[in-house]
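The values are calculated or read from the model by the stated rules, or taken from the named source; none is laboratory data. This one's a predicted model, so the numbers in the text were calculated from it and none came from an experiment. Every residue, glycine as well, gets a Cβ built from its backbone with ideal geometry; the counts of neighbours run over all protein chains shown.
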Amino acid sequence: MKRSPANGQGFQLKLDLHSGVPVYRQIIDQVRGGMASGTLASGDQLPTVRQLAVDLAINPNTVMRAYRELELGGMLETHQGTGTFISDKKISRNNAERERQLDQVAGEIAARAGAAGFTLDEVLERLRELTPDTTKRR
C-alpha cells in the first residue's frame, strides 16, 4: 500500500507500508533523495509536521522524528513560526550511510523487479539507459 500526500508542490512523499523500512526512515530517505535529485532545493518549505502526518495518515511523532533527524544532520532548518525548510548547507554523507542507502535502494529494486518477473539483466539494462553517463556522479 502506498500513501502519498496531495500537496501543491512538485515533491511528494510516498510510503510503502509493506517494505519493512520504518516510516520515519522512508521520509528521511525521500527528502534526501529529493535534495540529491534537485527536486528539493535550498529554501524549499516542507509541509508542517501536522499537515504531513494528516496527508500520509501517520502519527505526527513519526514525522517529527524524521524532521528532527534531518535537522540534526544539517539538511533542514526549522524557523519558529514560519516552518521547516531545506538547508543551504552542503551535506556530506559518511560512507556507512551511503552504503546503507545504496543497499536499501538495490534491495527494493531487486524485490520489485523479481516480483514483476524481470531478470537482473533487464533491470541493469534499463538502469544503464536511464543513466547514460555514469561518470558524472560522485
What single numbered condition from (1) more than 17 Å from Asp29 (Cβ to Cβ); (2) at pLDDT 90 or above fails to hold for Thr62? (1)
Considering only residues of the range 91-117 that are at pLDDT 80 or above and touching a helix residue (DSSP H, G or I) at 6+ places or on another chain (Cβ under 8 Å), which is surrounded by the fewest Cβ atoms within 10 Å (Cβ to Cβ)? Ala110
For the range 113-133, what are the residues that are closer than 24 Å to Ser37 by Cβ and part of a loop (DSSP other than H, G, I, E, B)? Ala116, Phe118, Thr131, Pro132, Asp133
Determine which single condition Asp29 fails, assuming it passes every other condition in (1) closer than 27 Å to Glu125 by Cα; (2) modelled with pLDDT of 90 or more. (2)
Among the candidates Asp133, Asp88, Asp121, Asp44, single out the residue that is surrounded by fewer than 14 Cβ atoms within 10 Å (Cβ to Cβ) and at pLDDT 90 or above. Asp121
Take the residues in the range 48-68 that are in contact with a helix residue (DSSP H, G or I) (Cβ under 7 Å, 6 or more places away or on another chain) and among the hydroxyl-bearing types (Ser, Thr, Tyr); name whichever of them is farthest from Leu15 (Cα to Cα). Tyr67
